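Single-structure report; data block below.
The values are calculated or read from the model by the stated rules, or taken from the named source; none is laboratory data. These figures come from a predicted structure and were not determined experimentally. Cβ coordinates were reconstructed from backbone atoms using ideal geometry, including for glycine residues, and neighbour counts include every protein chain displayed. Please note that ligands, DNA and RNA were not included when accessible areas were found on the heavy atoms of the full protein model with its side chains. Shrake-Rupley method; radii C 1.70, N 1.55, O 1.52, S 1.80 Å.
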Amino acid sequence: MASLMPSMDRANEAFIEAFGNPVAALRNFDLVRYFAVMAVTLVLYDRVLTFPVELKRIWSGHVSKTKILYVIHQELTLAALMFNTVVMTTQHSSDENRILV
């Protein structure tokens, strides 16, 4: 276990070199916006890729309470993520809107 510590320290140093101070990065509201847009993009991409399998396995049989809950969960998650992203991307990046960590 002790032999892993130097490599972990080097990994942390490399991370800070590559991305700067993580706390300072969170203060950058523009970076947070980019990650929010990226999250929506990844969720939509996942939905497109898994839709044929979902049709085959989920919707081929009869409708049940579990299937209805699945749809509600899928749609509400996507709606909440998209709403959050729209709100974040329509705000101006002034000092009042910056995240304070």
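For Thr77, what charge total do you get from the other residues with a beta carbon under 15 Å from its beta carbon, if Lys and Arg give +1 and Asp and Glu give -1? Neighbourhood net charge equals -2.
Sorting His62, His73 on solvent-accessible area from highest to lowest, probe radius 1.4 Å, gives His62, His73.
Using 0.36 nm per residue and subtracting the Cα-Cα separation, the extra length available between Val48 and Tyr34 on full extension is 2.9 nm. A dipole drawn for the stretch 33-88 from +1 and -1 charges on Cβ atoms has a positive end, and of Val63, Leu78, Met88 the residue lying farthest that way is Val63. On the principal axes of its alpha carbon atoms, the stretch 36-90 extends 42, 22, 9 Å, with the longest extent given first.
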